[in-house]
1. Which ones in segment 170-187 are modelled with pLDDT under 95 and among the hydrophobic types (A, V, I, L, M, F, W, C)?
2. I'd like to know if segment 233-253 contains one or more residues that are touching a residue at least 40 places away in the same chain (Cβ under 8 Å), of a type in the set (G, A, S) and either in a strand (DSSP E or B) or closer than 24 Å to R168 by Cα (or both).
3. Would you confirm whether any residue within segment 138-147 is closer than 24 Å to T181 by Cα and not assigned by TED's automatic domain parsing to the domain that holds V327?
4. Within segment 324-340, how many residues are within 16 Å of the ligand (Cβ to nearest atom) and either without any contact (Cβ under 8 Å) to a residue 60 or more places away in the chain or not in a loop (DSSP other than H, G, I, E, B) (or both)?
5. For segment 215-231, enumerate the residues that are in a helix (DSSP H, G or I) and buried (at least 17 other Cβ atoms within 10 Å of the Cβ).
6. Among the candidates G350, G341, single out the residue that is among the small types (G, A, S), over 15 Å from A30 (Cα atoms) and in contact with a helix residue (DSSP H, G or I) (Cβ under 8 Å, 6 or more places away or on another chain).
7. Is segment 308-323 home to any residue that is away from the ligand (no atom under 11 Å from the Cβ), within 18 Å of V126 (Cβ to Cβ) and either under 15 Å from the mean Cα position of the chain (by Cα) or outside any strand (DSSP E or B) (or both)?
8. With the structure loaded, tell me whether K83 is farther than 22 Å from F251 by Cβ, of a type in the set (K, R) and outside the structural domain of W45 (by TED's automatic domain parsing) or whether it fails that test.
Amino acid sequence: MDPKNAARKRIAVIPGDGIGKEVIPQAVKAIQATGAAVELTDFDWGADRYLRDQTTVPPDGFATLARDFNAILVGAFGDPRVKTNIHAKEILLGMRFKMDLYANVRPVRLLDAALCPLKGVEPKDVDFVVLRENTEGAYTDAGGVFKQGTADEIATQEDINTRKGVERIIRYAFEYCRMHTKLDGSPRGKVLMSDKSNAMTHAGGLWQRVFKEVSAEYPAITAQHMYVDALCMQMVRDPRQFDVIVTNNMFGDIITDLAAGLQGGLGMAVSGNIHPGKTSMFEPVHGSAPPIAGKNEANPFGAILTAAMMLRHLEFTQEADRIEAAVLEAVRQKKTTRDIGGSVGTREAGEWIVGRLSS
Ligand code: ATP
């Protein structure tokens, strides 16, 4: 039988490095406390394994994930002992590129006004999603260095934009807008494409043309455009105006850290790496955070809310709702780590959520 059709959905769990190894166990406990019909399998991919036997991704690793699992829950990669960061690149970018997970979905939601650094901003004011192209752009590492180490050194970093890649992420944005509601239940209705086509005319021109074409197929959805520098300012001045934002790989990476700031910081932000119909991967937006790793200080809520996003993707809607409600209550009662104003540790915050889900 196809393992993906088993009674229990199969989830691969890859905690990775640094705080990934602390926050993912809390997310796993939360999933288990909901009683969702899932089977979780641990993978030890990360710096420890790489330093032990030089393996980044075992042979057939990505094929196994795609064939045998319904979803993948990932922590973070990056370890000061691996200066080249080769394992992080091969595992994380490998998963995105080789499994063709082209839509990086980053919902930006404010759970509680106290978490937002802006004055007078309520949860209803921050409820948008950033769809970041995830398989091309400036992150394919195409390019090279010539005459390295000399006064004449030349470095190029190519920004790769294919018609197919641009079109499918823009179409994904319109479909996302059509199929999702806001937190208050009202329909979504606007897709904003952000680029820097005034300065980067070749790639930007392709994005502009494709956006115009695809948006014409969705007359019920308002199509907007904003240069990415203006977008950064507007996200801080008036986040209420945003609904669905679609952009390229690098701009998406940058603006979602800014967006995380609106939600209470990197410890609260969630993401999914999705290719409709294929095994998709879910990870908190934060990295491995070496300065706080191993200290029981990391905020586990980004990982726990990421688990909820994954459960929702797997159609465990009630379980996802319950996790989100528990995290909201923890934030209200300040059962949180220090980064968002509480005083408990990673494990204690996770245990509070489990207690809430089990009661
Ligand atoms: P990457 O490039 O791998 O995404 P990064 O350089 O953007 O990583 P992070 O590892 O995400 O950086 O973290 C930067 C800083 O943000 C950390 O050193 C830490 O202070 C804070 N931070 C990140 N995640 C968390 C978290 N879950 N809880 C508390 N603080 C966090």
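The values are calculated or read from the model by the stated rules, or taken from the named source; none is laboratory data. Computed from a predicted structure; not experimentally measured. FYI the Cβ positions are ideal-geometry reconstructions off the backbone, even for glycines, and counts take in every protein chain you see.
1. L183
2. Yes: one or more hits.
3. For segment 138-147, residues closer than 24 Å to T181 by Cα and not assigned by TED's automatic domain parsing to the domain that holds V327: absent.
4. Total satisfying the criteria: 9.
5. S215, V228, L231
6. It is G341.
7. Checked against the condition, which is being away from the ligand (no atom under 11 Å from the Cβ), within 18 Å of V126 (Cβ to Cβ) and either under 15 Å from the mean Cα position of the chain (by Cα) or outside any strand (DSSP E or B) (or both), segment 308-323 yields at least one hit.
8. Spelling it out, it is not the case that K83 is farther than 22 Å from F251 by Cβ, of a type in the set (K, R) and outside the structural domain of W45 (by TED's automatic domain parsing).
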